[in-house]
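Below is one structure, written out as structure tokens; the observations come after it.
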Amino acid sequence: MIGISADFDPVHKGHVKLIDKARELADKKNDEVVIYLNKGYSANHAPFFANYEARSKMALEAGADRIVPIEGLHHRLTLAYTVPIRIAMMIEEGVIDYVDAADVSTARIKKYASNFAKKGIFSGIPRKLPNRNVIRWFAVNEFLYNKYNQKLKFHIIPEYKISGDKISGRMIRREILENNMEIPESIGILLPDSTIQILEEEIKKGNVPGERNLKDLSKRLNTYSRANLNNIAHMNADAVNAIVAGRSYKREDQIWASFRMAGYGPVLTRLAVSAAEEDVTRREVFNLIKKYENNGIIPQDMSVEQVIERAWYVSSKSSEGNSSSDAHKMFRNGDRGSDKALYSFDAGMHLRSFEAESLKSGLETLFYVDKNERLCCEMRTEDRKIKSPLKLPAQQVTYLRLLIDSHFIPLRGEIIEKEEGWRVRIFVGDEGLINDNMTKN
């Protein structure tokens, strides 16, 4: 099969060139052109302008033979995780040739990609590198060769331009919106006739543009406690506190403003907002990554255990006087230290007598960072909600804060009674990971 992985939102003349190249290869091999079309949320973690059915029609009209949906990924995972999953899916389904477009020679792309493939890390590819997403695809393709003993054969064509400018789907969508949902002539020249026809039909039906479920999203962000917000994937402590400070939300731009106040860039904001829209939990993302880890699709350096071990290492080095940035560099350079991370540890609490009387062993506990930057826990007894700052050694304070800011490492708390009083036992990750590492330690 000849594969293309895309959003196609909408299909424009640059996409047609991709399909034409795939069609050329397919006709020589008596094979088919298959589009792996993102469904639900785009590769940039946003709702689609045109729905899956409309984009499928556009791709088929442009010359594709078959459409395969890719769904359930882009409101949960970053590209560093979704690209390996998508490539593995294509290899397993029999795709041999893959078509993409770039303004950099294949030789240069391979040169850039080889370093990332060797490291097994597909996040943090510098923005200054041209066509960095194509570089990521090349790097992942090389990495997965170790699993499948085969890889996609890449066919890179020049990016299609009109009057020297690259065609931008974002610009096409913006111009249609600003033209009161009519396709202006300046945009029409960028689109094949079939796309124009399908888009106009969808606009007439009221299906375009696709929008977020702002009702559920805003209700969630307006009402969830800090602890419950922290349980949503891709929320760090700063984002949670910015969201609480910015309540109440009625418009999407207000939500964006809070994330930007927390230091989130556009891509991470879209991912976090999409996760909040779908109420995606940390555990849900954690389990998804673990599933693909176990299948050999996610490299060791991006595994959930590695994220946890890095948090412990940085907290350990910070307690020795190293800066957090230096500790991260040391970890990336291969230093792992002598101590294994704690996957279970106890914290004290500041409780009033009547609160302590309400507690019982096994009570579930959630964690968050309050507006004063204190690590806290929250629990609900039969008669009240109790919130308390945590009492922990300095290293464990740093460790827990790094885990809270990890975006997808789940934390579970359980109230236990000890001779010295009530404590909250903190569990990191899932039961299997906890048991494995407690055995190791």
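The values are calculated or read from the model by the stated rules, or taken from the named source; none is laboratory data. Computed from a predicted structure; not experimentally measured. Neighbour counts run over all protein chains shown; Cβ positions are idealised from the backbone, glycine included.
Which one is farthest from ARG425 (Cα to Cα), of the residues in region 381-402 that are of a type in the set (Lys, Arg) and surrounded by fewer than 14 Cβ atoms within 10 Å (Cβ to Cβ)? For region 381-402, the residue satisfying everything is ARG384. Remark: pairs (first residue in region 345-368, assigned by TED's automatic domain parsing to the domain that holds PHE427 and exposed (fewer than 13 other Cβ atoms within 10 Å of the Cβ); second residue of a type in the set (Ser, Thr, Tyr) and assigned to a loop (DSSP other than H, G, I, E, B); Cβ separation under 9 Å; 6+ apart in sequence or on different chains) = LYS360/THR381.
Would you mind listing the strands (runs of 3 or more DSSP E) fully within region 1-99 where at least 3 residues are out of contact with any Lys or Arg (no Cβ under 7 Å at 6 or more places or on another chain)?
Fully inside region 1-99 and qualifying: 2-6, 66-70.
Number of residues in region 208-254 that are under 19 Å from the mean Cα position of the chain (by Cα) and among the basic types (Lys, Arg): the value is 1.
Condition first: closer than 23 Å to ALA43 by Cβ and either touching a strand residue (DSSP E or B) at 6+ places or on another chain (Cβ under 9 Å) or free of Cβ contacts under 8 Å to residues at least 40 places away in the same chain (or both). Now tell me which residues in region 251-261 satisfy that.
Within region 251-261, the subset closer than 23 Å to ALA43 by Cβ is 252-253, 255-256, 259-260.
Within region 251-261, ASP253, ILE255, TRP256, PHE259, ARG260 meet the criteria.
Among the conditions (1) closer than 30 Å to LYS387 by Cβ; (2) part of a helix (DSSP H, G or I), LYS290 misses just one, which is (1). Screening region 408-429 for residues that are modelled with pLDDT of 95 or more and in a loop (DSSP other than H, G, I, E, B) and picking the one that is surrounded by the fewest Cβ atoms within 10 Å (Cβ to Cβ) gives PRO410. Of all residue pairs spaced 6 or more apart or on separate chains, those with beta-carbon atoms under 7 Å, a first member in region 123-142 that is closer than 18 Å to MET90 by Cα and a second member that is at pLDDT below 80 and among the aliphatic types (A, V, I, L, M) are ILE135/ILE125; ILE135/LEU129; ARG136/ILE125.
Return the residue satisfying two criteria in turn: it lies in region 180-226 and is outside any helix (DSSP H, G or I) and among the acidic types (Asp, Glu), and of such residues it is modelled with the highest pLDDT. Across region 180-226, the extreme among qualifying residues is GLU182.
Of the candidates VAL273, VAL307, VAL267, VAL285, the single residue that is at negative phi and assigned by TED's automatic domain parsing to the domain that holds HIS328 is VAL307.
Say whether the condition of being within 30 Å of ILE121 (Cβ to Cβ), in a loop (DSSP other than H, G, I, E, B) and more than 22 Å from the chain's Cα centre (by Cα) is met by at least one residue in region 166-175. Let's see the steps before the verdict.
Let us first name the residues in region 166-175 that are within 30 Å of ILE121 (Cβ to Cβ), namely 166, 168-170.
This time we only want the ones that are in a loop (DSSP other than H, G, I, E, B), so: 168.
Now restrict to residues that are more than 22 Å from the chain's Cα centre (by Cα): 168.
Yes, region 166-175 contains a residue that is within 30 Å of ILE121 (Cβ to Cβ), in a loop (DSSP other than H, G, I, E, B) and more than 22 Å from the chain's Cα centre (by Cα).
Condition (residue is outside the structural domain of PHE408 (by TED's automatic domain parsing) and under 19 Å from VAL285 (Cβ atoms)) applied to region 252-260: is it met by at least one residue? Yes - at least one qualifying residue is present in region 252-260. Yes or no: SER274 in contact (Cβ under 8 Å) with a residue 24 or more places away in the chain and polar (S, T, N, Q)? Yes, satisfied. Of all the residues in region 197-250, those that are closer than 30 Å to LEU375 by Cα, touching a residue at least 40 places away in the same chain (Cβ under 8 Å) and of a type in the set (S, T, N, Q) number 6.
Restricted to region 352-370, and to residues that are among the charged types (D, E, K, R) and at pLDDT 95 or above, which residue is nearest to SER315 (Cα to Cα)? Steps first, answer last, please.
Start the filter on region 352-370 by keeping residues that are among the charged types (D, E, K, R), which leaves 352, 355, 357, 360, 364, 370.
The next check asks that each one be at pLDDT 95 or above; those that pass are 364, 370.
Working: GLU364: 26, ASP370: 20 Å.
The extreme case among them is ASP370.
If you take the residues in region 324-351 that are in a loop (DSSP other than H, G, I, E, B) and modelled with pLDDT under 90, which one is farthest from the chain's Cα centre (by Cα)? If you could, list the steps in order and put the result at the bottom.
Taking region 324-351 and keeping what is in a loop (DSSP other than H, G, I, E, B), we get 333-343, 350-351.
Still in the running and modelled with pLDDT under 90: 333-340.
Values: ASN333: 24, GLY334: 25, ASP335: 27, ARG336: 26, GLY337: 29, SER338: 31, ASP339: 30, LYS340: 27 Å.
Here the answer is SER338.
Evaluate the following for TYR249: is it closer than 25 Å to TRP137 by Cα, not assigned by TED's automatic domain parsing to the domain that holds LYS147 and not in a helix (DSSP H, G or I)? No, not satisfied.
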